[in-house]
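Any read-out appearing in this document is the output of simple, stated calculations on the displayed coordinates, not a laboratory observation. Predicted model only: the values in this text are computed from it and were never measured. We place every Cβ from the backbone using ideal geometry, glycine too, and count neighbours over all the protein chains shown.
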Amino acid sequence: GAVVSQHPSWVICKSGTSVKIECRSLDFQATTMFWYRQFPKQSLMLMATSNEGSKATYEQGVEKDKFLINHASLTLSTLTVTSAHPEDSSFYICSAFSPTGDQETQYFGPGTRLLVL
Amino acid sequence: AQSVTQLDSQVPVFEEAPVELRCNYSSSVSVYLFWYVQYPNQGLQLLLKYLSGSTLVESINGFEAEFNKSQTSFHLRKPSVHISDTAEYFCAVSNSGGYQKVTFGIGTKLQVIP
């Protein structure tokens with residue numbers, strides 16, 4: 001089956017620093033990846049759609065200058081939280097469609113837990 | 001715009017008892033429906049999905065869900081739960097067609113009591 005990995009699995013950082021989260025499709029190429037954020041006891045909220053070789057598409061209310069997305073290759077998308085603050089602490093999850101799988105199922109990474117002190 | 005409502009934030013149930021997790025959706029277009037499960041500190045795993053055809057869909061671990069278009073519902077059921085079913089369950093909807101983004105409900109925490 002399609003496998004999506006994320007690195008790191010958790011990160012603690014000081015307020016004002018930037019944090020980069022990687023999302024990799026391990027056994028398939030993904031032209032499109034999605035980034036979600038999940039606050040405690042809440043659902044996943046789509047932040048942006050990451051497109052290989054082009055700019056990401058951000059959802060309404062998501063600051064693109066704060067959450068930088070780079071999809072430089074068909075197997076890697078990165079999310080950089082710039083100048084992180086405590087309110088950015090959350091669980092960040094990426095997902096991708098597999099071109100060899102069905103067109104309806106997204107495969108999710110295990111998530112990255114970010115804690116900003 | 002689409003939305004998903006999961007009415008129950010938490011559902012406690014005794015082991016081997018039946019359970020139903022409720023999900024209602026709203027959409028002005030044809031939809032696909034999904035149930036995902038999330039175990040603690042893990043990502044989401046697809047449990048089952050409805051695309052078209054038979055309105056009753058089943059998972060390999062005994063869960064089933066029925067698409068009811070008139071009631072705009074997609075409730076998840078299991079006749080006999082196990083301790084290992086304790087997890088967060090998310091109902092989700094997307095437009096029909098491939099590679100669509102998905103809207104999730106708030107989730108229902110299923111707590112199976114021994």
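Go through the cysteines of chain A and tell me which have no other cysteine Cβ under 4.7 Å away.
If one checks each Cβ against the other cysteines of chain A, A:13 turn up with nothing under 4.7 Å.
Using +1 on the beta carbon of Lys and Arg, -1 on that of Asp and Glu, and nothing else charged, what's the dipole of segment A:14-109 about the Cα centre, debye to 20?
300
How high is the FRET efficiency between residue B:68 and residue A:83 when r is their beta carbon distance and R₀ equals 41 Å, given to the nearest 0.05?
0.30
To the nearest 0.05, how large is the calculated FRET efficiency for residue B:15 and residue A:54 if R₀ is 45 Å and r is the Cβ-Cβ distance?
0.35
Output the direction-averaged projected area (hull surface divided by four) of the convex hull of the alpha-carbon atoms of chain A, in nm². Mind showing how you got there, number by number?
Numbers: hull surface 27.5 nm².
Mean projected area for chain A: 6.9 nm², to one decimal.
Once both labels are modelled 7 Å past Cα along the beta-carbon direction, what's the residue B:8-residue A:5 spacing in nm?
Label-label distance for residue B:8 and residue A:5, simple model: 3.8 nm.
How large is the convex hull of the Cα atoms of segment B:53-114 per residue, expressed in Å³ as a whole number?
Details: hull volume 7.6 nm³, N = 62.
Convex hull of Cα atoms, per residue: 122 Å³.
Provide the per-residue ³J(HN,Hα) series for segment B:11-20, in order, calculated from phi with Karplus coefficients 6.51, -1.76, 1.60 and θ = phi - 60°, each as a whole number of Hz, with x at glycine and proline positions.
Values per residue, Gly and Pro as x: 9, x, 8, 6, 4, 6, 8, x, 9, 9 Hz.
Would you kindly calculate the translational diffusion coefficient of the protein assembly as shown, applying Stokes-Einstein with the Kirkwood radius from alpha carbon pairs, for 10 °C and a viscosity of 1.306 mPa s, and quote it in µm² s⁻¹ without decimals?
Once the numbers are plugged in, D ends up at 87 µm²/s.
I'd like the Karplus ³J(HN,Hα) series for segment A:23-28: coefficients 6.51, -1.76, 1.60, θ = phi - 60°, whole numbers in Hz, and an x wherever there's a Gly or Pro.
Values per residue, Gly and Pro as x: 10, 10, 8, 7, 10, 7 Hz.
What percent of all Cα-Cα pairs in segment A:59-117 falls into each 5 Å bin, going from 0 up to the bin containing the maximum distance?
4, 14, 20, 25, 19, 11, 5, 2, 0
Could you grab the Rg to Rh ratio for chain B? Cα atoms only, Kirkwood for Rh.
Values: Rg = 13.5 Å, Rh = 14.2 Å.
That ratio equals 0.95.
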